[in-house]
Structure formats: structure tokens, C-alpha cells
1. Could you list, in sequence order, the residues of the range B:125-175 that are open to solvent by less than 60 Å² (accessible area, probe 1.4 Å) and β-branched (Val, Ile, Thr)?
2. Taking helices (runs of 4 or more DSSP H) that fall entirely within the range B:186-236, which contain at least 2 residues that are within 30 Å of B:ILE251 (Cβ to Cβ) and more than 9 Å from every other protein chain (Cβ to nearest Cβ)?
3. Taking the range A:213-248 as the region of interest, how many residues are open to solvent by less than 60 Å² (accessible area, probe 1.4 Å) and outside any loop (DSSP other than H, G, I, E, B)?
4. Here are some residues: A:GLU286, A:GLU301. Which one is in contact with a strand residue (DSSP E or B) (Cβ under 6 Å, 6 or more places away or on another chain) and open to solvent by 50 Å² or more (accessible area, probe 1.4 Å)?
5. If a residue must be free of Cβ contacts under 8 Å to residues at least 24 places away in the same chain and either among the aliphatic types (A, V, I, L, M) or touching a Cys at 6+ places or on another chain (Cβ under 9 Å) (or both), how many such residues does the range B:198-254 contain?
6. Out of all the residues in the range A:190-212, which are on the phi > 0 side of the Ramachandran plot and open to solvent by 70 Å² or more (accessible area, probe 1.4 Å)?
7. I'd like the full set of residues that are hydrophobic (A, V, I, L, M, F, W, C), open to solvent by 30 Å² or more (accessible area, probe 1.4 Å) and more than 17 Å from the chain's Cα centre (by Cα), limited to the range B:214-258.
8. Mind checking which residues of the range A:68-80 are assigned to a helix (DSSP H, G or I) and facing another protein chain (nearest Cβ under 8 Å)?
Amino acid sequence: MAEVVLKNLTKRWGGFVGVDNQSLHIADKEFLVLLGPSGCGKTTTMRMIAGLEEPSSGEIWIGERMVNDDLPKDRDVAMVFQNYGLYPHMSVFDNIAYPLKVRGTPKADIAPRVRAAAEKVELTHLLDRRPKALSGGQRQRVALARAIVRTPQVFLMDEPLSNLDAKLRVSMRAELKHLSRELQITTIYVTHDQIEAMTLADRVAVMNHGVIQQLGTPDEIYNDPANLFVAGFIGSPAMNLIDGSIREGHFVTTGGTRLTAVRAADRARVVLGVRADDLRVSEPGEGDIDVPIYAFENTGEATLLTVQWGQQRVIARGDRHLRKEQNDIVGLSLNPDHLYLFDPDTGRRLTA
Amino acid sequence: MRDNTLKYLLVLPAVLLVFATAIWPLVESLRLSFTVGRLNRPPSLQQYIGFENYTWAFLEEPAFWNSVWVTLAYTAVTVSLTTVLALGLALLLAPGGRLRSGVQTLLILPFAMSPALIGVSFRFMFNPEFGLFDAFFGFFMPVFAGVSWLADPVLAFAVCVMADIWGWIPFLTLVLIGGLSSIPRETIEAAQVDGAGGWRLFRDVTLPQLAPVLAVVVILKSIFSLKTFDQVFMLTNGGPGTATQTLSHYIYFNGLKYGQIGYAASVAWLMVIPMIFLTYAYAKFVFRKD
């Protein structure tokens, strides 16, 4: 168990910058999620920590040691890969036992520890099988067991759930969370799935273009986004981003509709962010504005209304019993307590 | 016409072609191997003599046994050396540096050369008076100064082996590079993180996953080594004496030089037996189902 510290870590391939001067302090026993779209540098960051990729500059510290020049095997980390990375020619038992075997664990200790790890992920009945004979979820469990069979300083998980089907992903996510709370080992987890990030993380680092956009608890990331990218990336459906301006203390859309009062100085150009949940759907005339429905979707647990608001489309979440048709007119009102204002040029959040 | 009939009609030309060029000669040579089969006699005198050709080879012909041993030794040495060297080269070239594609193109060049030409050029380079290699070895290893390589039974064999390895390494290296790059990268990386260093990584993870391709390489090379003819023919012509006379060369000499076509056919059939085993194994590995 150890803290992990990245100091000005950079990875360049020729002219392309994969990870840009990144510094990050991950506390002991923390579960940190690196979240971002593909190509944002999250996997590269993790691979550099594992030692599978060499940084162009910067330092990586695990515990009290700078590990830049250490081989992966000397860094005392365990990794779970997206495609599992199981050894196809070995049985499940031998797969899980491999990290112990190769590190010279006494033979008598290996079997009980493999069994203990297999038990934690409910694999004991499959120990004699080859990976080929397992389902995706079972393979992922083997990969997990192989990681927890030792007690490494750090767990690295590279999109471990992405290859599973949706249903399995949800149950494995809960198991992962349970396991991580039980094991109390520093974990770095890479994903592009914001639900995984929100549910698993102690802290989330949202990355884009090789730079951490925001680092904070899931709460902070969701309720207090630092910039347009984070606001648009987190949440499902994504936060509505409406172009407009601020005049005399009110937000005015580009179409000229004068909306609710905002606590900000007047500006010629601004982006208003509002989540689907913070838009209240009502009968025409009862809201701040009347808009036609572009599409009405019933998800069972709620309804999603995409409305045509001038040139833009906005999504609002309605009651699950609400029934509307396309082109119906509805009233929308904005919850003034949960509005976000962004500078359209820099993307930065404007604070009141 | 029904589709069923049509489909047989469509493959018929190919079947006839295979029959005329492969099956019939094979059967005919089997028939010949049981006859006197002399090229200088009319067919009426080439009577059936049962297994006499075979017993002659086994019991009365030290030259036959000599060529068997030469072929086996040649196969053992060339297969093992070529495989090990090609594997080493493949491991060096596989990770993919900048030079890789360029080097791979260069690699294929020796393979593009006809074995007969390789034989001629090696004979030239080992010429005791003006040969490049002769001078080279003589300079760096004084033991070999002034030695006529192709006149010495052991050294002539060594030259044949060298020429063979030189010609074969490139192709087998390419095959092994292909095999290496089909190993999932994540298994290698998982092993690195799990704690495996260079040699253990190779032994525990790379080699077992490369095994099917390696088997194909060994079998394929064994087939080619067993039937070696052209290179030896041009390089030493089986000499000095019969020191480098492979089975193929022995068959050629008896059949076409001495005209004992029946006897040559029987020896050829003796060679077919291990070949069938090897091709069977080869097909099994190549068309294996995962």
C-alpha cells in the first residue's frame, strides 16, 4: 500500500503529445478514476505508472521510491487489462498462481493463496479450466483474481469492464466496489464510462487532450464542473449547453428569448449549462418558455423530452407518467439554483 | 443440369490435373520399384522382381546407408540451427523499430535466390585459390589457412550446412515474426507486470504461445532438408567421395546416371514414408482448429 505521485509527467510521440505535463497526487488507499474520451491520455498515464510505457519527461513515485527506471516487474503493481491478458496455455489456477510463482513464493503457500483469491471472485469451481472455456465475465474474474492474489502496492485497472455486456457490467461494478473497499489498496482505474467513474471513485480525474480538466470527488465533478468539457462529458443525458448573452442580469438566448435572472455581470457571449433534471416540464404557459417537442422518449423510469428551442435542441427529464406527442407544446422552466455559466472562448466556468 | 452434377463437373478438371501430375506418377513409380527397371532395356525385359530392390538397398548397399546418415545428419543440423537462429532474429526484429520493414525486405532476398545458385556461389566463395570465405576463414582462424574446404569430408558437409542455413533463415524468420506478432500483446504485458523478466517471460509466455508456429517451422524445414538436392548437387555434387551425398542425390545418381530406374524408385519410396508423416503433421498444425 502506498501513495502514487506523478510529477510533470509528459509523453510525446514525435509531435503528438499524449500526456501533457501532468501532476497528480493519489493518496494511500484511494480509489482514483481516470475518466475521459478515447485518446485523452488516460490509458497512457496508467501504462506509464505500470512501466509499460516510458515517459518522455517527469517523475513517477510509488511510495517512497521513484520508479521511472524500474522494470514493470520491480514496481510491485498489479494490473487488470481490458482484454484480460490471460495466459491461454495455462489453466485458471496457473493463471492466478503465475505472479506468485514468478516471484518465488514457496510452493506450499501458492495453492492456499490462489484458492483464497479465487474464492473472493467466486471462481473456485473453474480452477482447472483453460481461459478459452470461460465466458467474458469469468475471464474478467480470473484477471481480477490474478491481480489480488498478491498484495501489491497499487492496483491498475485499464477499462476492466468495457468488454462485458451491459448487464454483467453493472453487477461486476458492484463486486469491484465491494472488493476495493475490502482490500483497501491504492487503485487507479481507467474508464471512459462516467457511471463507472461516479460509482467507484473516491476521486475522479477527468482528462481531455492529455490534460486533467478537473480533479475532484464524484459529487464535485457532477455538481460543480470546472469547465465546458467536464460539464458536457459528465451526466446522462449530457448537460444542455445553451448559447446566449447576459443583459441586465438576465440570460438571453441567441434567439433573443429573455430567460431567468442570473447572478452575473453582463456579457456579450456566454454559455448557459443546465442539466435535464433541472428543467421542469409543465403545461404551455406555465413555464418560463413554451417550446415544441422534437422527440419524446419513454425510458420506463422517466421520460426524456428533446425540445426545439430556437436553433438549439435541449433535453429535459419529465415525470415517468408524463405522456406527450411529437410537436406538442410544453412549458419549460429552469431551476435558478442549478445553472452554470461558461465562457464560450476559454470554456472556463464563470463564477458568480 | 442439377447443381449437384454441375459442382462435380466444375472440379473435374482440377481433379484430372492432380491425378495426371501427382497420383499417376506416384503409382507408376511404385510399380517401377518392384521391377528390374533399367533405362537401357526394352520394357519386355523389365520384369517384376518383388521386393528385391528394397532388400538390395537395405542389405547390399553401404552407399544407401551412407546417404541415409548424411541426410539425417544434414536434416538434424540444418533444422536445429536454422530454427534457433531464425527465432533469435525474429525476437530481435519483432518488437517493431523503425528499421523493421526495411530489414524485413532485405531479409527475404536470400530466399528469393535459387538453391542451385546458392550452391554455385558458395562453391565459388570456398574456392581454395580465389574464394572469399576461404580467405576470410583462413585469415581469422589460422587453422583453416590454405585448407581446401570442399575437398575435406567434414568441412564440405559444413559448407553445405552453411549455404542451407543462409538460404533458409530469412523465410523462417519472417514466419516466426508473423507468429510473434500474433501473440496478444496484453499477455506479454500482463506477465511483465506480474513479475516476469526477460528469460522467464520468453519461457513461460512467449514460447508456449509461439509453439504451434514453431512446430510448423520445424516440420516445414525438416521436409525441405530431407529432400535437399539442388544445392548439394551444385556445391559438392555429393563429394568428396560420398561425404555429402543426400538421399535425393543418391536417387538421382542411381536412377538417371546409372539408369537403374527401378532401384531408384524403390529408394524414393523409402523416402516417401517419413515425408508422409511430416506432411501429415504439417497439415495438422497448419489447419488446426482453435
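The values are calculated or read from the model by the stated rules, or taken from the named source; none is laboratory data. None of the values given here were measured: they were computed from a predicted structure. A quick note on method: Cβ atoms are made from the backbone with ideal geometry, for glycine too, and the neighbour counts reach across all protein chains shown. Each accessible area value is taken on the protein alone, full model and side chains, heavy atoms only, with ligands, DNA and RNA left out. Shrake-Rupley method; radii C 1.70, N 1.55, O 1.52, S 1.80 Å.
1. The answer is B:VAL147, B:VAL159, B:VAL161, B:ILE165, B:ILE169, B:THR173, B:VAL175.
2. On the way: elements: B:198-201, B:207-226, B:230-235.
Those helices (runs of 4 or more DSSP H) span B:207-226, B:230-235.
3. Filtering the range A:213-248 for residues open to solvent by less than 60 Å² (accessible area, probe 1.4 Å) gives A:213-214, A:216-218, A:221, A:225-235, A:237-240, A:242, A:244-246.
Adding the requirement that they be outside any loop (DSSP other than H, G, I, E, B) leaves A:213-214, A:216, A:218, A:221, A:227-233, A:240, A:242, A:244-246.
Counting residues in the range A:213-248 that are open to solvent by less than 60 Å² (accessible area, probe 1.4 Å) and outside any loop (DSSP other than H, G, I, E, B) gives 17.
4. Sole residue among the options that is in contact with a strand residue (DSSP E or B) (Cβ under 6 Å, 6 or more places away or on another chain) and open to solvent by 50 Å² or more (accessible area, probe 1.4 Å): A:GLU286.
5. Here the count works out to 5.
6. First pass over the range A:190-212, keeping only residues on the phi > 0 side of the Ramachandran plot: A:209-210.
Residue satisfying the conditions is A:HIS209 alone.
7. Correct list: B:PHE253, B:LEU256.
8. Residues of the range A:68-80 assigned to a helix (DSSP H, G or I): A:72-74.
Matches in the range A:68-80: A:PRO72, A:LYS73.
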